[in-house]
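The next block holds one structure in the form of structure tokens; read it before the comments.
Laboratory data are not the source of any read-out in this text; all were calculated from the coordinates shown. Since we're looking at a predicted model, the values are computed, not measured. Glycine gets a Cβ as well: all are built from the backbone with ideal geometry, and neighbour counts include every protein chain shown.
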Amino acid sequence: MIPTVTSQELRGVSLYACGRRVTPALRADLLRLLTALGNAEEVSEESIETATILTSSAPGLFAGILDAFARAAVRQSPELELDTARRMLAETLMGTALLLENERLDFHRLIERVATKGGITEEGLRVLDRTLPAAFDDLFAVTKAKHALLKERLQQFSRNEKGDR
């Protein structure tokens with residue numbers, strides 16, 4: 001099971017994967033516990049590390065992205081206070097999440113609602129389409145390597161513990 005900090009707001013996604021020995025009753029109990037904290041998503045063992053980046057790491061990653069966005073805005077307009085830019089982005093993020101949820105929009109439909117042909121948002125999206133895929137590919141490559149290192153350390157620790165007995 002992989003929790004998320006957003007559970008403290010009763011939102012977000014807690015991940016879980018069940019082995020062969022988990023009975024349907026145990027799975028149902030786990031699901032009941034996790035859904036009390038937000039959403040729960042069963043994923044395969046093979047995809048749990050990637051899914052962890054999308055759920056458990058994402059709040060920190062979003063905060064980092066928003067901070068960089070706010071700092072860029074202040075570089076463009078130094079009279080804009082950094083705290084103001086951060087507050088504006090946080091409120092916009094919350095409103096965006098509510099639009100996606102309450103109107104059951106997917107990301108593309110929301111983009112269509114905001115981006116007019118030849119407009120400012122469309123131009124900004126072109127920049128993101130050019131730059132973000134490589135950044136996110138790098139993010140997943142680095143986090144995959146970190147997961148592998150942590151697994152190796154855990155296996156080494158486990159081997160050491162078994163040898164000490």
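Which whole number in µm²/s is D for region 43-100 by Stokes-Einstein, with the Kirkwood Rh taken over Cα pairs at 25 °C and 0.890 mPa s? It would help to have the intermediate numbers written out before the result.
Numbers: Rh = 13.0 Å.
In µm²/s, the coefficient is 189.
Using the Kyte-Doolittle scale, which helices in the chain average at least -0.5 and also have C-alpha atoms spread 18 Å or more along the helix axis, with helices defined as whole DSSP H runs? Intermediate results must be reported in sequence, preceding the final value.
Numbers: long enough: 58-76 (27 Å, 0.75); 82-102 (30 Å, 0.31); 120-164 (64 Å, -0.53).
Sorted by number, the helices that extend far enough and score high enough are 58-76, 82-102.
Taking amide H positions as modeled 1.01 Å from N, with prolines and chain starts lacking one, the residues under 5 Å from S14 and 5 or more places away or on another chain are N39, A40, E41. Once the Cα-Cα distance is subtracted from the 0.36 nm per residue extended length, the K146 to A90 segment shows a gain of 17.3 nm.
Distance from the C-alpha centroid of region 47-84 to that of region 85-132: 14 Å, rounded to the whole angstrom. Across the chain, the relative contact order, built from alpha-carbon pairs under 8 Å that are at least six residues apart, equals 16 percent.
Using a Förster distance of 35 angstrom, determine the FRET efficiency expected from the C-beta separation of L10 and R75, and round it to 0.05. Walk me through the intermediate numbers first.
On the way: r = 36 Å, r/R0 = 1.04.
Taking R0 as 35 Å, the efficiency between L10 and R75 is 0.45.
At a Cα cut-off below 15 Å, give the aspartates and glutamates reachable from K146, other chains included and same-chain residues fewer than 8 away excluded. Result set, ordered by chain and number: E49, D137, D138.
At full extension, E101 and R113 could sit 2.8 nm farther apart than now, given 0.36 nm per residue minus the alpha carbon distance.
Using the Cβ atoms and a cut-off under 14 Å, what net charge is assigned to the surroundings of A97, where Lys and Arg are +1 and Asp and Glu are -1? Numbers along the way, then the final one.
Numbers: positive: R11, R104; negative: E9, E91, E101, E103, D106.
Summing Lys and Arg as +1 and Asp and Glu as -1 gives -3.
A Förster radius of 45 Å, combined with the Cβ-Cβ distance separating A68 from K162, puts the computed FRET efficiency at roughly 0.50. Taking only the C-alpha atoms of region 54-165, the Rg (one decimal) and the largest Cα-Cα distance, Dmax (whole number), read 20.1, 69 Å. Sparsely packed loop sites in region 72-152 (the trypsin sites (Lys or Arg not before Pro) outside DSSP H, G, I, E and B with at most 16 other Cβ atoms within 10 Å) comprise R104, K117.
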